[in-house]
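Presented below is the structure to which this report refers.
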Amino acid sequence: MSLYDLADPTIPLPTQLVVDTSLLLALRPEDDNPHAAVARAFMRLLEQRIAAYQLVAWLPLPVLQECYHIILSNALRRAWEQSDPGRRPPNWLRAYKENPALLRAHHADLIRFRELLAAIPLTLIRPEDLAAAPQVAGLDERLLHFIQAYDLLPQDALILAHAECIGVSAVATLDQDWRRVAVVDVYTCF
């Protein structure tokens with residue numbers, strides 16, 4: 001498969017692709033990813049193609065879960081760092097475990113992120129989409145296969161397995177780990 005540079009507005013786009021966590025998080029106005037401007041320009045291009053019914057941008061549930069986790073854990077970490085060192089728990093996770101209500105202060109962050117995604121719009125890969133795929137019975141095997149074949153962490157391997165299940169062979173990401181994946185076209189920054 002091929003590597004494509006997100007910064008090139010003339011790259012050929014597939015009719016379907018899966019979007020990865022790193023690309024979506026870079027769309028947030030406060031994101032400090034060095035490729036955020038390129039990610040935003042690429043997503044504007046996708047939005048045009050989606051609006052013209054020329055492309056479907058798939059959002060696997062593991063990507064959404066990972067985005068939410070990163071948004072919340074970063075917010076909790078910042079809140080913990082700003083708290084009194086003499087009175088706070090030893091780390092942000094312990095602070096959350098002792099007081100789960102700390103999450104409430106950051107629910108609005110998730111809502112803003114969800115609204116940002118809805119504006120694109122992305123198509124969520126639902127469990128019933130996976131259930132209809134013939135490969136879903138071996139999803140756990142594919143997960144392990146992709147971890148071993150491409151040295152991927154489990155979350156990326158699961159995203160790749162979801163893409164395979166629904167027959168999508170292109171992924172848009174800012175994560176350099178995807179460059180090792182030979183079974184899909186990878187749209188990334190060079």
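Table for the structure above
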quantity	calculated
Low-density loop positions, trypsin sites (Lys or Arg not before Pro), segment 83-190 - DSSP coil, at most 10 other Cβ in 10 Å	Arg87
Residues Leu3 and Arg114, FRET efficiency given R0 of 30 Å [Cβ-Cβ distance, rounded to 0.05]	0.50
Degrees separating the helix 36-51 axis from the principal Cα axis of the chain, which is the longest one	50 degrees
Highest-MSF residue in the chain out of Glu81, Glu47, Glu141 [GNM, Cα springs under 10 Å]	Glu81
Candidates Pro60, Pro12, Pro127: whichever shows maximal mean-square fluctuation once the chain is modelled as a Gaussian network with Cα springs under 10 Å	Pro12
Evaluated over segment 136-190, the Cα radius of gyration and Dmax, each in Å	10.5, 36
Where labels lie 7 Å past Cα in the beta-carbon direction, separation of Arg180 and Glu81 in nm	2.8 nm
Largest to smallest principal axis extent of the C-alpha atoms in segment 1-105, angstrom	55, 26, 25
For the chain, calculated [θ]222 nm from helices alone, where every DSSP H run of n ≥ 4 adds -39500 (n - 2.57)	-14500 deg cm²/dmol
Computed over segment 36-173, the ratio Rg/Rh where both radii use C-alpha atoms and Rh is Kirkwood	1.05
Förster radius 22 Å - calculated FRET efficiency between Ile11 and Ala149 (Cβ-Cβ, nearest 0.05)	0.30
Contour minus Cα-Cα distance for Leu93 and Asp32 (0.36 nm per residue)	19.7 nm
GNM flexibility winner over the chain from Leu59, Leu93, Leu25 (Cα, springs under 10 Å)	Leu93
Calculated over segment 64-105: convex hull of Cα atoms, volume per residue (Å³)	66 Å³
For Val18, distant residues with modelled amide H under 5 Å away	Trp58, Ala170, Val171, Ala172
Alpha-carbon centroids, segment 1-54 and segment 97-152: separation in whole Å	18 Å
Sequence of His145, His35, His69 once ranked by neighbouring C-beta atoms within 10 Å, starting from the fewest	His69, His145, His35
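Throughout, read-outs are computed from the coordinates displayed, never taken from laboratory work. Worth saying up front: this structure is predicted, and the values here are computed from it rather than measured. A quick note on method: Cβ atoms are made from the backbone with ideal geometry, for glycine too, and the neighbour counts reach across all protein chains shown.
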